[in-house]
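K.L.:
Can you keep this structure in mind? I'll have questions shortly.
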Amino acid sequence: MDSKVKTISGRGIPLVGNDIDTDRIIPARYLKAITFDGLGEGAFIDDRKALNGEHPFDQPQYQEANILIVNRNFGCGSSREHAPQAIAKWGIQALIGESFAEIFFGNCVAMGIPCLTGDAATVKQLQSLVAANPQANVTINLETLQVQVDNYTAAVTMNEGTRSTFIAGTWDACGQLVANADQVRATAAKLPYVCWAS
């Protein structure tokens, strides 16, 4: 399986607002779920009910969009992995924002979902372009660190260590272990404190 992530293309969905925390992304009552299946239906559910169909996740023009464009400190609050899982199950494959909470960012990376940052003016422009034309093609290029919406191109950032794991496909720690199972066994067999059962 190729885990490399170099470009993500599709359509965008703007979600305006700072400090959107993990409880708003997926309420605590969903943490009782044994698996992450079906969590997409609960993404932003309380906000969606309060907005009575006006939340971007409910608006028809954004259905099947796969790039979420957010503002500052997205994913703050508790460290629940259910938050990025809910977003992913809804169909999001990448996020662009002004900033992300550190644990939320890490959980996204562990799932293969790039979170890129742009300055406030860039993010606002991206949100405006997508709102004006929800069918616009959005492309994120991790190699050049650019995002393009139709004819508009802007620079985005991601720390080099994380970016290189996406490009090389090494972001998937479990996948790396499985792919290198023979080396893991060989190393474990050499360690005096590991009892390895085959």
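The values are calculated or read from the model by the stated rules, or taken from the named source; none is laboratory data. Values in this document were obtained by computation on a predicted structure and should not be read as measured data. Positions of Cβ are generated from backbone atoms using ideal geometry, with glycine treated the same way; all protein chains shown enter the neighbour counts. We work out accessible area using only protein heavy atoms, side chains counted, and drop any ligands, DNA or RNA first. Shrake-Rupley method; radii C 1.70, N 1.55, O 1.52, S 1.80 Å.
K.L.:
Take the conditions modelled with pLDDT of 95 or more, over 20 Å from residue 98 (Cβ atoms) and not charged (D, E, K, R) and apply them to residue 136. Does it pass?
P.N.:
Judged against the criteria, residue 136 is a match.
K.L.:
Kindly provide the set of residues from segment 72-95 that are open to solvent by 10 Å² or more (accessible area, probe 1.4 Å) and over 20 Å from residue 137 (Cα atoms), ordered by number.
P.N.:
72, 73, 76, 77, 78, 79, 80, 81, 82, 85, 89
K.L.:
In segment 115-151, what count of residues is obtained for those that are of a type in the set (Asp, Glu) and at negative phi?
P.N.:
So the count comes out to 2.
K.L.:
Can you give me the ranges of the strands (runs of 3 or more DSSP E) entirely in segment 96-155 with at least 2 residues that are in contact (Cβ under 8 Å) with a residue 24 or more places away in the chain and surrounded by 17 or more Cβ atoms within 10 Å (Cβ to Cβ)?
P.N.:
115-117, 138-141, 146-149
K.L.:
Could you please find all residues in segment 147-162 being in contact with a Leu (Cβ under 9 Å, 6 or more places away or on another chain) and over 14 Å from residue 96 (Cβ atoms)?
P.N.:
Residue satisfying the conditions is 150 alone.
K.L.:
Within segment 43-51, is there a residue that is more than 17 Å from residue 89 (Cα to Cα), touching a Gly at 6+ places or on another chain (Cβ under 9 Å) and open to solvent by 70 Å² or more (accessible area, probe 1.4 Å)?
P.N.:
no
One line per residue, one yes/no per condition, for (1) of a type in the set (Asp, Glu); (2) closer than 15 Å to residue 18 by Cα; (3) modelled with pLDDT under 95:
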| site | (1), (2), (3) |
| --- | --- |
| 62 | no, no, no |
| 68 | no, yes, no |
| 80 | no, no, yes |
| 91 | no, no, no |
| 100 | no, yes, no |
| 104 | no, yes, no |
| 111 | no, no, yes |
| 125 | no, no, no |
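K.L.:
For residue 5, are the conditions met, namely being in contact (Cβ under 8 Å) with a residue 12 or more places away in the chain, open to solvent by 80 Å² or more (accessible area, probe 1.4 Å) and within 29 Å of residue 150 (Cβ to Cβ)?
P.N.:
For residue 5, the condition - in contact (Cβ under 8 Å) with a residue 12 or more places away in the chain, open to solvent by 80 Å² or more (accessible area, probe 1.4 Å) and within 29 Å of residue 150 (Cβ to Cβ) - is not met.
K.L.:
Please work out which one of (1) within 23 Å of residue 32 (Cβ to Cβ); (2) open to solvent by 70 Å² or more (accessible area, probe 1.4 Å); (3) in contact with a strand residue (DSSP E or B) (Cβ under 9 Å, 6 or more places away or on another chain) is the condition residue 64 fails and give its number.
P.N.:
Looking at each condition in turn, residue 64 falls short on (1).
K.L.:
Between a residue in segment 23-52 that is aromatic (Phe, Trp, Tyr) and any residue that is assigned to a helix (DSSP H, G or I) and open to solvent by 70 Å² or more (accessible area, probe 1.4 Å), which pairs come within a Cβ distance under 7 Å, given they are 6 or more apart or on different chains?
P.N.:
Listed by first residue and then by second, the contacts come to 36/89; 44/24.
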